[in-house]
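**Q** Mind having a look at this structure? Questions to follow.
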Ligand code: HEM
């Protein structure tokens with residue numbers, strides 16, 4: 001049976017800096033490869049080094065211990081095994097299959113905005129960018145309408161960190177996640193079983209049918225992949241929309257520019273991904289002693305590749321600290337780099353584009369609510385606001 005994911009402990013530098021961006025800048029200047037004794041891990045900050053850690057799998061492995069929840073899934077595998085499984089799941093996750101979701105995503109976005117349209121203000125995160133990807137993924141996985149609330153609750157708990165603000169302890173959080181993981185595992189096991197008997201036009205059915213060299217996914221592998229989609233796809237997409245909207249609304253003249261020229265939306269989204277990257281860091285483990293950025297890292301060490309820092313590196317980006325919606329080129333690595341490049345990137349981009357198009361068309365006069373407290377979540381991996389209140 002599945003067990004819970006490993007707990008993520010933020011670094012002290014991350015917690016103590018006024019903003020992670022200040023910490024990144026300081027580290028890139030003074031200690032671009034840094035050993036954090038407290039977490040017993042190496043932090044890597046420059047664009048060039050982060051890109052290498054993410055893609056050089058011979059030295060920096062994705063095989064993670066103690067994360068059984070998704071241990072059977074591609075994000076925790078190295079080539080050549082990774083390639084075979086990636087090909088399998090990619091068969092069900094083709095750009096064509098994703099594009100076919102566009103009309104339904106537009107409908108969901110419209111329905112969510114209908115619900116808030118007669119109010120003077122609403123919360124972009126709570127009312128829009130949070131429910132949207134959860135509904136999309138639930139529908140892709142074939143979760144029926146009546147189970148959607150239950151599913152939302154489960155997926156929320158699987159991805160959320162310890163809520164210290166609400167007085168939650170680490171032990172309580174682990175216990176809760178353990179229970180929910182068991183429930184979700186049992187739920188999906190049933191869905192998989194029923195699709196095996198009676199195929200439908202959904203992702204689980206497509207995954208059951210996928211085949212590479214005569215081999216198919218096993219049920220635990222399929223379960224691992226379904227979990228991975230929840231963990232990797234929901235909060236990241238919420239934050240893509242939330243973070244990009246935050247950057248736009250903090251500069252009303254940039255928002256107005258985009259409203260006048262909606263053709264800039266795709267490049268504005270790419271800049272949103274760069275400027276406030278939804279996935280701030282990914283880790284790897286060294287397979288042997290390896291030198292990077294002039295520092296020798298021993299074998300078996302954990303290495304944290306700070307994507308959020310790489311995307312603000314002024315050795316790579318002109319005016320890296322500015323939010324430039326028509327930035328070109330924009331070689332950000334918000335979706336990673338190399339063999340693990342985000343499988344869901346076409347879906348995330350599509351959801352982002354449809355969601356923001358709907359906001360532009362519906363509420364072109366939108367403004368950040370005055371005196372709104374924008375409190376940011378504390379996860380060093382998935383970064384975004386908890387609330388983004390706006391007036392319409
Ligand atoms: C992998 C970011 C949305 C599914 C990754 C990786 C990153 C990332 C950085 C690389 C992980 C690594 O190198 O270890 C993002 C961001 C998203 C997003 C920023 C939204 C803006 C999604 C969505 C899905 C998804 C919507 C699916 C529903 C995956 C999967 C992998 C992955 C399956 C593993 C690929 C592999 O290991 O080969 N994502 N992601 N992601 N993402 Fe996303």
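**Q** Tell me which of these residue 92 doesn't satisfy, since it passes every other one: (1) without any contact (Cβ under 8 Å) to a residue 24 or more places away in the chain; (2) not in a helix (DSSP H, G or I).
**A** (1)
**Q** In addition: Of the residues that make up segment 91-98, is at least one closer than 18 Å to residue 233 by Cβ, more than 15 Å from the ligand (Cβ to nearest atom) and touching a helix residue (DSSP H, G or I) at 6+ places or on another chain (Cβ under 8 Å)?
**A** Scanning segment 91-98, I find no residue that is closer than 18 Å to residue 233 by Cβ, more than 15 Å from the ligand (Cβ to nearest atom) and touching a helix residue (DSSP H, G or I) at 6+ places or on another chain (Cβ under 8 Å), so the answer is no.
**Q** Has segment 323-333 got any residue that is crowded, with 19+ Cβ neighbours inside 10 Å, within 7 Å of the ligand (Cβ to nearest atom) and farther than 17 Å from residue 136 by Cα?
**A** no
**Q** Within segment 243-258, track down each residue that is buried (at least 17 other Cβ atoms within 10 Å of the Cβ) and farther than 18 Å from residue 233 by Cα.
**A** 245, 246, 247, 248, 249, 254, 255, 258
**Q** Something else now. How many of the residues in segment 205-242 are away from the ligand (no atom under 13 Å from the Cβ), over 15 Å from residue 87 (Cα atoms) and at pLDDT 90 or above?
**A** Selection size over segment 205-242: 1.
**Q** Here are the criteria: (1) away from the ligand (no atom under 16 Å from the Cβ); (2) at pLDDT below 95. Tell me which single one residue 315 does not satisfy.
**A** Result: residue 315 passes all but (2).
**Q** Of the residues that sit in segment 279-292 and are touching a helix residue (DSSP H, G or I) at 6+ places or on another chain (Cβ under 6 Å) and modelled with pLDDT of 95 or more, which one is nearest to residue 237 (Cα to Cα)?
**A** 284
**Q** Being within 12 Å of the ligand (Cβ to nearest atom) and buried (at least 19 other Cβ atoms within 10 Å of the Cβ) is the filter; apply it to segment 351-376 and report the residue that is farthest from residue 87 (Cα to Cα).
**A** So, considering only residues that are within 12 Å of the ligand (Cβ to nearest atom) and buried (at least 19 other Cβ atoms within 10 Å of the Cβ), the one farthest from residue 87 (Cα to Cα) is 355.
**Q** Cβ-Cβ distance below 6 Å, separation of 6 or more or different chains: which pairs start in segment 337-351 with a residue that is without any contact (Cβ under 8 Å) to a residue 60 or more places away in the chain and end on one that is within 7 Å of the ligand (Cβ to nearest atom) and part of a loop (DSSP other than H, G, I, E, B)?
**A** 341/335; 345/335
The values are calculated or read from the model by the stated rules, or taken from the named source; none is laboratory data. Keep in mind that this is a model prediction, so the values were computed, not measured. All Cβ positions, even for glycine, are placed from backbone atoms using ideal geometry, and neighbour counts span all protein chains on display.
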